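Notes follow the structure.
The values are calculated or read from the model by the stated rules, or taken from the named source; none is laboratory data. Being a predicted model, the structure only gives us computed values, none of them experimental. Methodologically, a virtual Cβ is constructed for each residue, glycine included, from the backbone with ideal geometry; neighbour enumeration extends over all protein chains shown.
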Amino acid sequence: MIDVGLMKADDGRLIIPVERMLQHGVEGYLFGDLESMATEIVSKPIGAVGYPMVMAVLAGSELLGAMTSTVKQSDRIESYWAKYMAQVDWHYGHLGVIAKELARNGIAHSYLSDLGVLVQRGGGRHFMRSGGELIFDCLQLDVDFRRSYTEYALPYILDNRADAQRGLDALFKHDLEKASMVANLPAELFPDVLTPIDGHTTPIYVRQDPPWETED
């Protein structure tokens with residue numbers, strides 16, 4: 001969170017400003033990792049990072065769902081897919097709950113998508129069925145997710161920054177509280193490096209003249 005831009009608000013709360021989350025969290029870490037997985041890995045029977053790509057998109061969908069809606073936490077993926085992914089491809093409007101329950105939850109709990117979802121890399125079979133399972137093409141999912149953000153979600157967030165900030169604050173409220181677990185570790189076993197570590201190499205996926213820097 002520090003790398004993304006954690007800071008104190010006027011009332012003393014720790015927050016991540018919307019603009020910093022968009023530039024560094026979404027367009028930096030998230031899109032940078034997706035781009036690396038899409039371009040630096042070749043198709044192969046095992047190790048083609050299909051599951052990590054799907055998980056990255058679904059984590060991003062939950063993050064953006066928090067910034068674009070007021071639904072409860074468990075419904076953020078469905079909300080984002082219905083409102084923004086569906087504007088790229090109407091199929092997504094029917095698949096938010098499947099993506100959450102069978103893809104995200106399955107991979108998170110056992111590193112396998114649950115029965116009903118088959119993850120593939122390329123081949124042009126996105127949303128076709130095979131053996132009774134629905135195919136998620138991780139490469140096409142990445143392309144559609146980026147487009148949903150750039151063309152639809154980002155303009156909405158920039159036009160509704162106060163609402164987006166409230167959603168972002170709610171998303172990280174409990175995470176910031178749980179950070180005390182690290183502060184309570186014994187210092188003699190986990191020494192402080194005293195100065196921040198900088199110079200990371202994560203690629204930043206940003207457009208020329210980001211909208212939040214060009215507006216008056």
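Things to note:
- Of all residues in the stretch 132-165, those being of a type in the set (A, V, I, L, M) and either free of Cβ contacts under 8 Å to residues at least 12 places away in the same chain or more than 20 Å from Arg20 (Cβ to Cβ) (or both) number 6.
- The one condition in (1) surrounded by fewer than 16 Cβ atoms within 10 Å (Cβ to Cβ); (2) in contact with a Cys (Cβ under 8 Å, 6 or more places away or on another chain) that Tyr111 fails to fulfil: (2)
- Taking the stretch 77-108 as the range and being closer than 17 Å to Tyr156 by Cβ and basic (Lys, Arg) as the test, only Lys83 passes.
- Across the stretch 125-146, the number of residues qualifying as touching a helix residue (DSSP H, G or I) at 6+ places or on another chain (Cβ under 8 Å) and either under 16 Å from Asp33 (Cα atoms) or crowded, with 19+ Cβ neighbours inside 10 Å (or both) comes to 10.
- Matching option when the condition is modelled with pLDDT of 95 or more, surrounded by 12 or more Cβ atoms within 10 Å (Cβ to Cβ), over 19 Å from the mean Cα position of the chain (by Cα) and not hydroxyl-bearing (Ser, Thr, Tyr), among Val117, Val97: Val117
- Whichever residue in the stretch 61-117 is outside any helix (DSSP H, G or I) and β-branched (Val, Ile, Thr) and, among such residues, is farthest from Glu27 (Cα to Cα): Val117
- Selection status of Thr68, at pLDDT 95 or above and within 15 Å of Gly167 (Cβ to Cβ): yes
- Exactly one residue out of Ile16, Ile77 is modelled with pLDDT under 90, surrounded by 21 or more Cβ atoms within 10 Å (Cβ to Cβ) and farther than 14 Å from Val143 by Cα: that is Ile16.
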